[in-house]
Amino acid sequence: MSQRVLFVLTSHDRKGLADAPDAAPSGFYLSEVSHPYKVLVEAGFTVDFVSPKGGKTHVDGLNLDDPINAEFWNDATLRGATENTLAPSQIDPDVYAAIFYAGGHATMWDFPDNAELAAIAARIYERGGVVSAVCHGPAGLVNIKLSDGSYLVAGKEVSAFTNDEERAVGLYDTVPFLLADVLQNRGANHLPAANFEAQVVVSERLVTGQNPASAKGVAEAMLPLLTSSVDERA
């Protein structure tokens, strides 16, 4: 099994439709990338970045008082990689041990219906790899189907941004759907924690986290699964 992990970032740049100029800006949430990145790279994994459209992405949650955010964002090579992401057509899923969907509200508009990324994730999972996501990143999971036609999340326990958290941030009526509800509609058992508290759920080789506070924990929970996969295929 490869030592590479594929990070998926949103190509969308607002909390609303692309033609809604009054929508608040958005993008991938920085700490949901920087914190998992640090955990995985320090464990010896290489990370590549892909987005639904490839190329330029946009950042949200640009809190540079967070030293891990600052370390990531001030690294010209890393920042350049997020601004020049790979396109799904450039990805060979067979070289990745895992795929990780980073969050940010913008993901709700471009992750769910990207069939290319869904096929990449399904292939990684069915080869024995890990599928993971945090906060709104699980929007990328809702339409992933395995080769038997079942939803990847069906019958699994998951964590994702909750309905109560959407109310708390004032976006309950803005998002195109409620993520927790759709995951449950796909057959998942959504396990909520208190608002903005860390919550990481591992179900077979699916690892999900509820919110930004859960991002580091998702990567930490991936490590034993990744190590097991590497050892089995050594």
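The values are calculated or read from the model by the stated rules, or taken from the named source; none is laboratory data. What you see is a predicted model; the values in this text were computed from it and never measured. Cβ placement follows ideal geometry from the backbone for every residue including glycine, while neighbour counts extend to all protein chains displayed. Calculation scope for accessible area: heavy atoms of the full protein, side chains included, ligands and nucleic acids excluded. Shrake-Rupley method; radii C 1.70, N 1.55, O 1.52, S 1.80 Å.
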Computed magnitude of the charge dipole of region 1-154 (debye, nearest 20; Cβ of K, R +1, Cβ of D, E -1): 220 debye
Span from the region 1-21 Cα centroid across to the region 57-76 one, whole angstrom: 16 Å
Accessible solvent surface per residue of the chain, calculated while the other protein chains remain in place, 1.4 angstrom probe, Å²: 41 Å²
Sequence-distant residues sharing a close amide H with residue 47 (under 5 Å, placed H): 5
Taking the C-alpha atoms of region 50-163, convex hull volume expressed per residue in Å³: 124 Å³
DSSP bridge orientation in the chain - percent antiparallel, rounded to nearest 5: 25 percent
Summed side-chain charge close to residue 207 - residues other than residue 207 whose Cβ falls under 15 Å, Lys, Arg +1, Asp, Glu -1: -1
Under Karplus coefficients 6.51, -1.76 and 1.60, residue-wise ³J(HN,Hα) of region 43-52 in Hz, glycine/proline x: 8, x, 8, 9, 10, 10, 10, 10, 9, x
Neighbour net charge for residue 143 - beta-carbon separation under 13 angstrom, K R +1, D E -1: -1
Cα-Cα separations in the chain greater than 28 Å, expressed as whole percent: 21 percent
Under 24 Å, Cα to Cα: Lys pairs in the chain, sequence gap 8 or more or different chains: 7
The chain, accessible surface, carbon-and-sulfur percent (1.4 angstrom probe): 47 percent
